[in-house]
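Data block below; observations after.
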Amino acid sequence: MENLKKLELFTKAFEDLPIGVGIFHVPDLEDIRSIEYVFMNKIILHEMQKSKEEVFGKRIIEVAPEAYQHEGGLLVIKTYQRIAKEGGNVNLGLVEYSNHLTEGTYECSIHHLIDNYVYIMLRNVTDLEQAKNELELKNKELKQFAYVASHDLKQPLVTISNFVNVLQKKYENTFDDNATQMFSFITDATERMNQLINDLLDYGSLGQKEKMTFIDCNEILKEVQQDLSVAIKQSNSTIIIDQLPTIKGYKTSIRLLFQNLISNAIKFKKPDTHPIVKISASEDIYWTFSIEDNGIGIAEENTQKIFNVFKRLHNRSEYKGTGIGLAHCKKIIDLHKGKIWVTSTVGKGSTFVFTIPKNK
Ligand code: ADP
């Protein structure tokens, strides 16, 4: 088939595509000023704010001379020349472009078509990029706000608990049962609030300053067991740990992840039973870890909700906690681009499973 027929076929195929596609001819492979527009589909014409008649068959230097003075424009034009000469294709990624009519960021790739013809695929991502930047900024502000708010909340809390202590010491002898109970409520509440603020501060700063390293999970589990030794002893728990792999991740966060899951496995035990917690891992295209317990279990309808901040299924008198632990775990797993979920049977126990991609 001669070139003209082939080009006609291509233009038909390209016309209605939902991204910008244009065909260029490079008649003189040594002269970038010779490059001509052959065809631009509707989307590109709209971007250029030009009609077919103003563009098709014309040289770029005639229609958009400013492109030769513009860094982004020149990069694209030189790539037409290179691909027309050498064949193949190249993904230029994001290219900034502006002239007197348009201004924006484009995702752009250039491909060889036939002989001295190349085509470009363009997607205007200006709004998307702007939204991304705004989102990043908002996220930063939000983190800062959370930090400042929780940090500043600690100050009055310290004052309250100090003065409650002073009051208690001074007037303890004169307290009746009622007053003693009220004071213990205040102390408990301030302690809880302090814990809540600490958890929030941790949650906000998770993974911020950490670097990814190789982590021997066996080592991490030894440390976690040590940190939880009091709770393990008090509950008479048995912790069974299989041989675990070395993974790539954020060490402090991974330690916290195991600590939260194991301390929950111990905490949410059935009355009059000793917790048995099994930790194992298997290898596939990613690492899969599971933490299995013989505790109270979680009803099916709650297995998703528990990963939300402040979601608790019990009141504080039954089981202590702030409801941030699992939200933390979810955030840590998100940070590692993995997944976390739980399977559970009420009255029998729960198995928390998470995956971590294998990074070599
Ligand atoms: P916290 O432990 O501070 O209450 P978490 O975010 O760690 O908060 O857990 C949220 C809720 O999920 C808990 O209040 C509990 O109801 C439930 N849960 C978590 N882990 C387990 C588990 N191993 N067995 C049973 N219920 C659990």
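The values are calculated or read from the model by the stated rules, or taken from the named source; none is laboratory data. What you see is a predicted model, and the numbers here were worked out from it, not measured in a lab. When we count neighbours, we look across all protein chains shown, and the Cβ atoms used for this are built from the backbone with ideal geometry, even at glycine. Heads up: the accessible areas ignore ligands, DNA and RNA and are worked out on the full protein's heavy atoms, side chains in. Shrake-Rupley method; radii C 1.70, N 1.55, O 1.52, S 1.80 Å.
Remind me, relative contact order of region 126-205 in percent, using alpha carbon pairs under 8 angstrom and six or more residues apart? Across region 126-205, relative contact order equals 52 percent. Restricting attention to region 126-205, lysine pairs at least eight places apart or on different chains and with alpha-carbon atoms under 28 angstrom apart total 7.
Leaving out same-chain residues fewer than 8 places away, which lysines sit with a Cα under 27 Å from that of LYS6? The qualifying lysines are LYS42, LYS50, LYS52, LYS58, LYS78, LYS85. Simple point charges give the picture: +1 on the Cβ of Lys and Arg, -1 on the Cβ of Asp and Glu, and for the chain a dipole about the Cα centre of about 1180 debye.
Computed on region 82-226, with alpha-carbon pairs under 8 angstrom and 6+ residues apart, the relative contact order is 16 percent. The relative contact order of the chain, computed from alpha carbon pairs under 8 Å that lie at least 6 residues apart in sequence, is 10 percent.
Mind checking which of GLY87, TYR319, LEU201 is farthest towards the positive end of the chain's charge dipole, using Cβ charges of +1 (Lys, Arg) and -1 (Asp, Glu) about the Cα centre? The listed residue farthest towards the positive side: TYR319.
Which Cα, out of ALA131, PHE145, HIS112, lies furthest along the positive dipole direction of region 101-236 (beta carbon charges, K/R +1, D/E -1)? Sorting the options by dipole projection puts first PHE145.
Working ranking of peptides 341-348, 253-260 by packing, defined as the average number of other Cβ atoms within 10 Å per residue, highest first, is 253-260, 341-348. Listed by chain and number, the aspartates and glutamates whose C-alpha is less than 15 Å from the C-alpha of LYS278, apart from same-chain residues fewer than 8 away, are ASP242, GLU292, ASP293. Shape class of region 2-124 from the Cα gyration tensor (axes a ≥ b ≥ c, square roots of the eigenvalues): rounded, since a/c falls below 1.5. Working note: 222 nm ellipticity from helices only, DSSP H runs with n ≥ 4, each -39,500 (n - 2.57), summed and divided by the residues of the chain, gives -15000 deg cm²/dmol to the nearest 500. Within the accessible surface of region 157-309, defined with a 1.4 Å probe on protein heavy atoms only, the carbon and sulfur portion equals 51 percent. Assuming charge only on the beta carbon of Lys and Arg (+1) and of Asp and Glu (-1), the dipole of region 126-205 about its Cα centre is about 240 debye to the nearest 20. DSSP assigns beta bridges within the chain; of those with both partners inside it, close to 95 percent run antiparallel. Shown for region 2-124: the carbon plus sulfur share of the solvent-accessible area, taken with all protein chains present and a 1.4 angstrom probe, equals 51%. Counting only protein heavy atoms and a 1.4 Å probe, region 222-341 has 55 square angstrom of accessible area per residue.
What you get for region 1-139, charging only the Cβ of Lys and Arg (+1) and of Asp and Glu (-1), is a dipole of about 280 debye around the Cα centre. Please give the Cα centre distance for region 298-347 versus region 53-125, rounded to the nearest Å. Result: 51 Å between the Cα centres.
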